Amino acid sequence: MATLDQIGSFDRVPMTLAADLECGTMSIRSLIELKSGSIIRSDRPAGDNVDLRVGGKLVGYGEIIANENALAVRVTNLKEAD
């Protein structure tokens, strides 16, 4: 990953980080009915590893953990810049 010195003024630009949880399949109707706050079940247990992506590009890896009555992802490894 780039250091803060290398990215300069871009260090505060927001971006979406996605963790691939492999939730399975759902119908188009279910997908269309999703809204903010919807819950999508995953069969992945705490301790499983997940890929971390920004803009669809793999940037690192994480581990699913239980954190204060919720599941979270702990970053375990970040890839070096290409």
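All of the numbers you see were taken from the coordinates with simple rules; none came from a lab. Nothing here was measured: the structure is a model prediction, and the numbers come from that model. Here Cβ is always computed from backbone atoms with ideal geometry, including for glycine, and neighbour counts include all displayed protein chains.
Based on Cα contacts under 8 Å between residues 6+ apart, the chain shows a relative contact order of 28 percent. Here the Kirkwood formula, the inverse mean of 1/r across different C-alpha pairs, assigns the chain a hydrodynamic radius of 14.9 Å.
Backbone amide hydrogens, once placed in the peptide plane, bring Gly60 within less than 5 Å of Leu52, Lys79, excluding anything fewer than 5 places away on its chain. Packing, as the average of other Cβ atoms within 10 Å across residues, places the peptides 58-69, 26-37, 11-22 in the order 58-69, 11-22, 26-37, highest first. A simple spin-label model places pseudo-atoms 7 Å from Cα toward Cβ; at Thr16 and Ala66 they are separated by 3.0 nm. Here is how the number arises for the chain: DSSP H runs of 4 or more residues each give -39500 (n - 2.57), the sum is divided by the residue count, and the result at 222 nm is -2000 deg cm²/dmol. Hey, quick one: spin label on Ile39, modelled 7 Å out along Cα-Cβ, who in region 55-72 has an amide N within reach, i.e. under 16 Å? Residues passing the 16 Å test: 66-72.
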